[in-house]
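Below is one structure; the comments refer to it alone.
The values are calculated or read from the model by the stated rules, or taken from the named source; none is laboratory data. Computed from a predicted structure; not experimentally measured. Positions of Cβ are backbone-derived with ideal geometry, glycine not excepted, and every protein chain shown enters the neighbour counts. All accessible areas refer to the heavy atoms of the entire protein, side chains included, with ligands and DNA or RNA removed. Shrake-Rupley method; radii C 1.70, N 1.55, O 1.52, S 1.80 Å.
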Amino acid sequence: MTGPRPPERPRILVANDDGIFSPGIKALALALADLGDVVVVAPDVEQSAVGHGITIRRPLRFKHTASAGFGALPAYRVDGTPADCVVLGAWLLGRPDLVVSGINLGPNLGDDLTHSGTVAAAFEGLGLGIPSIAFSQQGGEGGEYTFTAGAAYAARLAREVLARGLPPRVLLNVNFPGRMPRGVRVTRVGDHRWEDAIVTRQDPEGREYHWVAGTSRAADAHDDQTDYGAVQAGLISVTPVRLDLTARDLLEEVGGYLPDV
């Protein structure tokens, strides 16, 4: 007589936008390995700030990559966007129970959510109806990154989400401070944004080229109830983000002045 069949291990898909060779995704994937069957699908090169783009005008390459340093964890690289990675991973390797993106080199706060490839991978998981979490980390002094504390916390939070799930169309956007966290806080999306600037230069042949640059601004930088303020205060910021773009409070007002056809 045999005992009860043990529950299947959950399947966890790990993606990012910094590329498959980033130390952040390696730390995250290895930290999650005890929670379930982890598979890594990431861009072959850095895809920061590409947003939620999906490649539809050319074929995509999907290649196993043993040299990425994930040990026994299967890892694949894709010549596409972070969202492409989640789509291919879910369809080619089996539907995961959790999509996890990161750990990004640099925070994703405030308006960064609209162009972050890290957050976009989680949004793609959300669109597939899969609980999803995005993890990002602020750089430390001198720009160095130490992922030990962040990766350990990511595994603890992922365990809770696997057990509890998330509401439909809601993901978690998590940001770690650049130093040892002194706590964790549930936050709202803050007012952080980039004020764009264009830097124009000339190449050696005298032809103009342009860099899109910018200055970071946050009107509520000292409010630790916001994602930006919490990270600046040395806290882990966990922000529930709902994918619902409708300005519901304006439906009646806009309907009141629409011209007739």
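Residue-wise test of (1) hydroxyl-bearing (Ser, Thr, Tyr); (2) at pLDDT below 95.
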residue	(1), (2)
Ala154	no, no
Arg159	no, no
Gly165	no, no
Asn175	no, no
Arg185	no, no
Asp191	no, yes
Thr200	yes, yes
Gly214	no, yes
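When the range 61-75 is examined, which residues are found to be under 21 Å from the mean Cα position of the chain (by Cα) and either open to solvent by 50 Å² or more (accessible area, probe 1.4 Å) or aliphatic (A, V, I, L, M) (or both)? First the steps, then the outcome.
First, pick out the residues of the range 61-75 that are under 21 Å from the mean Cα position of the chain (by Cα): 62, 68-70, 73-75.
If the condition is that a residue be under 21 Å from the mean Cα position of the chain (by Cα) and either open to solvent by 50 Å² or more (accessible area, probe 1.4 Å) or aliphatic (A, V, I, L, M) (or both), then Phe62, Ala68, Leu73, Ala75 are the ones that fit.
The single residue among Asp224, Asp196 that is at pLDDT below 95, acidic (Asp, Glu) and not in a loop (DSSP other than H, G, I, E, B) turns out to be Asp196. Taking the criterion of being aromatic (Phe, Trp, Tyr) and buried (at least 20 other Cβ atoms within 10 Å of the Cβ), the only residue of the range 205-242 that qualifies is Tyr228. In the condition set (1) in a helix (DSSP H, G or I); (2) more than 22 Å from the chain's Cα centre (by Cα), Ala230 is compliant with all but (2).
Tell me whether the range 163-182 contains one or more residues that are part of a helix (DSSP H, G or I), open to solvent by 30 Å² or more (accessible area, probe 1.4 Å), out of contact with any helix residue (DSSP H, G or I) (no Cβ under 6 Å at 6 or more places or on another chain) and not β-branched (Val, Ile, Thr).
Narrowing the range 163-182 to residues part of a helix (DSSP H, G or I): 163-164.
From the residues that got through so far, the ones that are open to solvent by 30 Å² or more (accessible area, probe 1.4 Å) too are 163-164.
With out of contact with any helix residue (DSSP H, G or I) (no Cβ under 6 Å at 6 or more places or on another chain) added as a condition, the list becomes 163-164.
Still in the list and also not β-branched (Val, Ile, Thr): 163-164.
Yes, there is a match, as at least one residue in the range 163-182 is part of a helix (DSSP H, G or I), open to solvent by 30 Å² or more (accessible area, probe 1.4 Å), out of contact with any helix residue (DSSP H, G or I) (no Cβ under 6 Å at 6 or more places or on another chain) and not β-branched (Val, Ile, Thr).
For the range 77-95, the tally of residues that are within 30 Å of Gly178 (Cα to Cα) and either in contact (Cβ under 8 Å) with a residue 60 or more places away in the chain or touching a helix residue (DSSP H, G or I) at 6+ places or on another chain (Cβ under 7 Å) (or both) stands at 6. Considering the range 56-112, the qualifying strands (runs of 3 or more DSSP E), each wholly inside and each with 2 or more residues that are closer than 26 Å to Gly165 by Cβ, run over 98-105.
Scanning the range 100-122 for residues that are within 14 Å of Thr239 (Cα to Cα) and open to solvent by less than 30 Å² (accessible area, probe 1.4 Å), which turns out modelled with the lowest pLDDT?
Of the residues in the range 100-122, the ones within 14 Å of Thr239 (Cα to Cα) are 107-113, 119, 122.
Restricting the remaining residues to those that are open to solvent by less than 30 Å² (accessible area, probe 1.4 Å) gives 108-110, 112-113, 119, 122.
Numbers: Asn108: 95, Leu109: 95, Gly110: 92, Asp112: 88, Leu113: 91, Val119: 97, Ala122: 98.
By that ranking, first place goes to Asp112.
Selection of the range 26-55 for residues being part of a helix (DSSP H, G or I) and either free of Cβ contacts under 8 Å to residues at least 24 places away in the same chain or open to solvent by 60 Å² or more (accessible area, probe 1.4 Å) (or both) yields Lys26, Leu30. Checking each residue in the range 129-162 for being among the charged types (D, E, K, R) and in a helix (DSSP H, G or I) picks out Glu141, Arg156, Arg159, Glu160. Looking only at residues of the range 76-98 that are among the charged types (D, E, K, R) and under 27 Å from Arg159 (Cα atoms), we find that the one that is nearest to the chain's Cα centre (by Cα) is Asp84. If you go through the range 123-140, how many residues are out of contact with any His (no Cβ under 9 Å at 6 or more places or on another chain), open to solvent by less than 40 Å² (accessible area, probe 1.4 Å) and farther than 19 Å from Gly106 by Cβ? Count: 5. Residues considered: Gly51, Gly89, Gly19. Of these, the only one that is on the phi > 0 side of the Ramachandran plot and in contact with a strand residue (DSSP E or B) (Cβ under 9 Å, 6 or more places away or on another chain) is Gly19. Applying the set (1) in contact (Cβ under 8 Å) with a residue 12 or more places away in the chain; (2) open to solvent by less than 100 Å² (accessible area, probe 1.4 Å); (3) not β-branched (Val, Ile, Thr) to Gly143 leaves exactly one unmet item: (1).
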